[in-house]
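Written below as structure tokens is the structure these notes are about.
The values are calculated or read from the model by the stated rules, or taken from the named source; none is laboratory data. Predicted model, so just to flag it, every value in this text is computed and none were measured. For neighbour counting, all protein chains shown are included, and Cβ atoms are generated from backbone atoms with ideal geometry for every residue, glycine included. Note: accessible area is taken over every heavy atom of the protein model, side chains too, but ligands, DNA and RNA are not part of it. Shrake-Rupley method; radii C 1.70, N 1.55, O 1.52, S 1.80 Å.
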Amino acid sequence: MSEPDRSHGRKSIRASLKPRALDGESPDLAGVWRADVITLFPDVFPGVLGASLTGKGLKDGKWQLHTHDLRPYGEGKHRNVDDTPAGGGAGMVMRADVLGRAISEVLRHRPPCPIIYMSPRGKPLTQTRTQVLADGPGPVILCGRFEGIDQRVIDHFKIEEVSIGDYVLSGGELAAQVMLDAAVRLIPGVLGNEISTENESFSNGLLEHPHYTRPPVWEDLKIPAVLMSGHHGKVAEWQKQQSEALTQERRPDLWEAFGD
Ligand code: ADE
């Protein structure tokens, strides 16, 4: 294995550590909730996070996003980041030394914070985990590609593995954006006063009730009469009953946990 070109490596690393975010530079806002994302595809960020209220929150400094290109930390002339799996088998594994350099560099800029590796092998992401993430300083997120990453990195840095569902994506970048969106919208001031997270699905352990708006009749379909009655008590009772019925039907796992 050839030695990396150290001087070129350092220059590239420094360049890659420049925060990238919406409209070029993300302001370095001390104490503001911060996500650092290590990825081979920094250009796909902020992606969907740059739109709508999360995007406005990013611009307004309600949260910050710093992406770090993994490539400059790679080995040799070609900055290789992966290699064949020990013990044989298909695919490639991301190298411990390369990931270790990148993570150590990013951690120099962070107070203690969770380090999360997006992986279909991880614990499923829940609203509870998301709220804890939103309440903390913000994570360092590792986006994998190929078959996975060297286990020693996970063990050494005590990395938490998080999955966004029982299916396999091509890499962790989309999963990271999903997790970040779910967390960032819970940071005070990001959604604004007009949107409440209090009654939404999962916040009370149940799926949310159906919603309706104008027109009162559409394609011969009427808005349920109780919602037009102006009787707040009856509306609340109807919404609770709908929420419980939906949860029982669609998510027996949630319903069982709700009853405990
Ligand atoms: N990377 C690939 N698939 C994933 C999943 N389901 N969740 C999180 N990260 C992933």
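Summary table below
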{"read-out": "Antiparallel bridges, percent of DSSP beta bridges restricted to segment 10-184 (to nearest 5)", "value": "15"}
{"read-out": "Neighbour net charge for Ser163 - beta-carbon separation under 9 angstrom, K R +1, D E -1", "value": "0"}
{"read-out": "Longest segment of the chain lacking GluC sites (Glu not before Pro) that sit in a DSSP loop with at most 11 other Cβ atoms within 10 Å", "value": "26-193"}
{"read-out": "Placed amide H near Asn80: partners under 5 Å, 5+ positions off or other chain", "value": "Glu75"}
{"read-out": "Accessible area per residue in Å² at 1.4 Å probe, computed on segment 164-260", "value": "69"}
{"read-out": "Derived scalar couplings ³J(HN,Hα) [segment 83-94; Karplus, 6.51 cos²θ - 1.76 cosθ + 1.60; whole Hz; x for Gly, Pro]", "value": "7, 5, x, 4, x, x, x, 7, x, 10, 10, 6"}
{"read-out": "In order through segment 145-154: 3J(HN,Hα) via Karplus (6.51 cos²θ - 1.76 cosθ + 1.60), integer Hz, x for Gly, Pro", "value": "9, 6, 6, x, 10, 4, 4, 5, 5, 4"}
{"read-out": "Long-range HN-HN contacts of His66 with modeled amide H, under 5 Å", "value": "Ala35, Asp36, Val37"}
{"read-out": "Prolate/oblate/rounded label for segment 106-260 (Cα gyration tensor, a/c 1.5)", "value": "prolate"}
{"read-out": "Ratio Rg/Rh, restricted to the chain and using Cα atoms, in which Rh is the Kirkwood radius", "value": "1.07"}
{"read-out": "Sequence-distant aspartates and glutamates (8 or more away, or on other chains) whose Cα lies within less than 12 Å of Lys123", "value": "Glu160, Glu161, Asp166"}
{"read-out": "Inter-probe distance in nm under a simple model that places probes 7 Å from Cα toward Cβ, at Thr84 and Leu107", "value": "3.1"}
{"read-out": "Cβ-placed point charges (K, R +1; D, E -1), dipole of the chain about Cα centre in debye, nearest 20", "value": "880"}
{"read-out": "Net charge, Arg110 excluded, C-beta distance under 11 Å - Lys, Arg +1, Asp, Glu -1", "value": "0"}
{"read-out": "Leu40 long-range amide H proximity, modeled H, under 5 Å", "value": "Leu70"}
{"read-out": "The chain, relative contact order [Cα under 8 Å, separation at least 6], %", "value": "18"}
{"read-out": "Simple label model, 7 Å out from Cα along Cβ direction - Trp218 to Phe146, nm", "value": "4.9"}
{"read-out": "Accessible carbon and sulfur surface of segment 156-260 relative to its total accessible area, %, 1.4 Å", "value": "53"}
{"read-out": "³J(HN,Hα) computed for each position of segment 161-166 - Karplus, 6.51 cos²θ - 1.76 cosθ + 1.60, integer Hz, glycine/proline x", "value": "9, 10, 10, 9, x, 8"}
